[in-house]
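The structure appears below as structure tokens.
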Amino acid sequence: MESSILESIGVEIIGVMSPVSICMFLVVLLVYSLSASNPFSPASVGTIRTAANLVYAENPSDSASQKLEGALLNALVFVILIAIVTFLLVLLYYYNFTNFLKNYMRFSAFFVLGTMGGSIFLTVIQKFSIPVDSVTCFLLLFNFTVVGVLSMFSGGIPILLRQTYMVCLGIIVAAWFTKLPEWTTWVLLVALAVYDLVAVLTPGGPLKLLVDLASTRDEELPALVYEARPTVARTGNRGASSLGLLVAGVSDSSSIELQAVSRDNVNRNENTGRSNADYSAVTLGDFQNEEAHIDRDDGERSPLVGHARERHSSSSDSSQYSTVVSPSRQDQQFNGRDHEIAGDETSPLVEMMEMGNEGRQTRVGDVEIADRGIKLGLGDFVFYSVLVGRAAMYDLMTVYACYLAIISGLGCTLILLSVCRRALPALPISIALGVIFYFLTRLLMEPFIVGAASNLMMF
Amino acid sequence: MTVAAGIGYALLALGPSLSLFVSVISKKPFLILTVLSSTLVWLISLIVLSGVWRGFLPLKTTIWWPFGILILTSVAFQEGLRVLFWKVYKRLEDILDAFADRVSKPHLSLTDKMQIALAGGLGHGMAHAVFFCLSLLTPAFGPATYFSDRCSQIPFFLLSAIIALAFVTIHTFSMVIAFNGYAEGNKVDQYSVPIVHLAAGMVTLINLAPGGCIVGIPLLYFIAMLTLFHCGKMAWRRLTENQSR
């Protein structure tokens, strides 16, 4: 007697949504606690100079049209920069400069964690007057950073740690982005959503090129990508409730990482002998690359019912957990490219990836169907959190509205994914909904709610 | 200390639903999705309502009937939405059953259905608490508190948390009652839910009168207890019937 349907449906979606929620929640908390420190000090906002506000530094005293114009310019420049960097990346990838890309990625992760993370830690320390001396602080920061880089780009690290660091990275970048002036942030978010749409869907879009390239080579993407894996939803299997998200990384060439996520997964990859089903362990093999990961799962999977919320892929006992044998090349996730669809019902694989290269700037996100798991780019994490963080500077009400909007947008994207079965941009729907809900809430709902609730009227 | 107070208010309003969420909902991904979508539905209903009422705001606090109309329209709209929610759920249930056949799992049991209803109600309730109580709570984390003129004995934040708790209870369990009523075709349950909702809304009108909260809140809690009790009784009856069969 098990109510297995309720438990098995939606595992993948929740696996993606929970880390996104955690990331957003922490960013909101951070923004809240830090911005409360000196709300009126102009130094707290808008003074940083990044690629996102190269052209125009917003001044609160400027007129609306001036701000809009400047924000548009900023966004344009920023998007162009991203596009250039992405094309560069595609080019490098095309000519197989994978070592360079890999090291670059490591460097940027180190840089982000060390400097941006460091400055955020400093602010937190100042804000809460934590008594810590500089040497200790430096040591702690250094350790944090090194462990972070190692855990993101090498194997043999507990999955949970890796996930944590990925979320940390998202939080740090997002917290940094929330320091941008208000108008620029909004225009930038919209511009990025549009860019995402174009880059993933149009034939010559850089991300599409990249995805296609990676899939023809049967490699993982050179990017920072989260992969959500379904946890086993069996009755009596309690431990599997942790987020089925993990980020697989391969340290360097010729190492293969096998990850079995949940403990009693039935690893049915028939991939030739390599995948010793090593449950709940991460093993590092050392295989001379060239082997694309193969994962075939032929468990039964849920049908992609194109119905709302219905399409969550994993049926309970399927073996989408399973090993990942990553080829040596890139540092990240392989994407389950080979659509080996066994059986008639297969779960869509959603994969959104992102290239979180280039410090805080470039991101790209898209969702892609492969045949197991859902992948979400780190950039999507970042920009969802930026939106929510920006909303947090106004009110809690807008935060909650934006959160719901983004999550439902993510849900819509996943549903679309099961229909389209190809890589999809994860930003546009969520960002559009988020922005709409933000302004609706701010302009319409707030006076209504405050008017009613401050008179203790409720319904 | 003030942070503690703020968290305390928040937990007062949302604590029970939080424990419900952790103990029942969070283990089943589908229920989490139900909670989220029902929260979204409630948010959308609120936005639509506020869009309609935007032109008439702010209402004068000296006369009570505009508030009465406001609550009446809001409740009517939300109850209409509840029927819609039921229709959608009905179709979803068929799909779920069809899916269960395909993966050779048992169909939705009675408890499953009740849990879905509970999740839907919890979504409504949590949305209510978040928007009506939690979103106003930001100043409570600061170094002061706020007293409303009409109920000067109790801090405003505490009041709104207490009221929100009652509404969370009502919303959560009236959804279970309503779904059961629809499923069984039980007219009494079907009609009692909107009436209870409306009554609860109207009871808050008493708060407009000076010192009214002393009367209003106990009345509100009476309604909440009634809902809870009725829901418990009904769930018990259906479960025992189901077992004996």
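The values are calculated or read from the model by the stated rules, or taken from the named source; none is laboratory data. Quick caveat, the model's predicted, so the values are computed rather than measured. Note that each Cβ is placed from the backbone with ideal geometry, even for glycine, and that neighbours are counted across all protein chains shown.
Here are the numbers for the structure shown:
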{"read-out": "Among (1) away from chain B (no Cβ under 13 Å); (2) modelled with pLDDT under 85; (3) surrounded by fewer than 21 Cβ atoms within 10 Å (Cβ to Cβ), the one test that A:Ala453 misses", "value": "(1)"}
{"read-out": "Selection within the range A:412-459 - within 21 Å of A:Ser21 (Cα to Cα) and of a type in the set (S, T, N, Q)", "value": "A:Thr413, A:Ser430, A:Thr441"}
{"read-out": "Only listed residue being at pLDDT 85 or above and either of a type in the set (Lys, Arg) or closer than 30 Å to B:Leu108 by Cα (or both), chosen from B:Leu31, B:Leu72, B:Leu46, B:Leu12", "value": "B:Leu31"}
{"read-out": "Residue list for the range B:139-156, filter: part of a helix (DSSP H, G or I) and farther than 16 Å from B:Gly212 by Cα", "value": "B:Pro139, B:Ala140, B:Phe141"}
{"read-out": "Residue selected from the range B:78-120 under the condition of a type in the set (Val, Ile, Thr) and more than 8 Å from chain A (Cβ to nearest Cβ), by the criterion farthest from the chain's Cα centre (by Cα)", "value": "B:Val88"}
{"read-out": "Answer from A:Tyr400, A:Tyr394 - the residue that is free of Cβ contacts under 8 Å to residues at least 40 places away in the same chain and of a type in the set (Phe, Trp, Tyr)", "value": "A:Tyr400"}
{"read-out": "Cross-chain or 6+ apart pairs with Cβ under 6 Å, the range A:189-218 first and in contact (Cβ under 8 Å) with a residue 40 or more places away in the chain, then surrounded by fewer than 21 Cβ atoms within 10 Å (Cβ to Cβ) and small (Gly, Ala, Ser)", "value": "A:Asp218/A:Ala292"}
{"read-out": "The range A:1-39 - residue that is in contact with a Leu (Cβ under 9 Å, 6 or more places away or on another chain) and more than 10 Å from chain B (Cβ to nearest Cβ) and, of those, modelled with the lowest pLDDT", "value": "A:Val16"}
{"read-out": "Selection from the range B:129-138 of residues that are in a helix (DSSP H, G or I) and more than 7 Å from chain A (Cβ to nearest Cβ)", "value": "B:Ala129"}
{"read-out": "Of the criteria (1) facing chain A (nearest Cβ under 7 Å); (2) touching a residue at least 60 places away in the same chain (Cβ under 8 Å), which one B:Trp64 fails", "value": "(1)"}
{"read-out": "Any hit, the range A:60-69, residues being touching a residue at least 12 places away in the same chain (Cβ under 8 Å), among the acidic types (Asp, Glu), more than 30 Å from A:Leu213 (Cβ to Cβ) and touching a helix residue (DSSP H, G or I) at 6+ places or on another chain (Cβ under 9 Å)", "value": "no"}
{"read-out": "Candidates A:Leu140, A:Leu197, A:Leu189 - the one that is among the hydrophobic types (A, V, I, L, M, F, W, C) and either over 18 Å from the mean Cα position of the chain (by Cα) or within 28 Å of A:Asn103 (Cα to Cα) (or both)", "value": "A:Leu140"}
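Residues are listed down the side, and each one gets a yes or a no for (1) out of contact with any helix residue (DSSP H, G or I) (no Cβ under 7 Å at 6 or more places or on another chain); (2) surrounded by fewer than 23 Cβ atoms within 10 Å (Cβ to Cβ); (3) hydrophobic (A, V, I, L, M, F, W, C):
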| residue | (1), (2), (3) |
| --- | --- |
| A:Lys127 | no, yes, no |
| A:Ser154 | yes, yes, no |
| A:Met166 | no, no, yes |
| A:Ile171 | no, no, yes |
| A:Thr185 | no, no, no |
| A:Leu188 | no, no, yes |
| A:Ala191 | no, yes, yes |
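For every residue, the table says whether it meets (1) within 12 Å of chain A (Cβ to nearest Cβ); (2) within 18 Å of the chain's Cα centre (by Cα); (3) touching a residue at least 24 places away in the same chain (Cβ under 8 Å).
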site	(1), (2), (3)
B:Leu159	yes, yes, yes
B:Val196	yes, yes, yes
B:Leu208	yes, no, yes
B:Asn242	no, no, yes
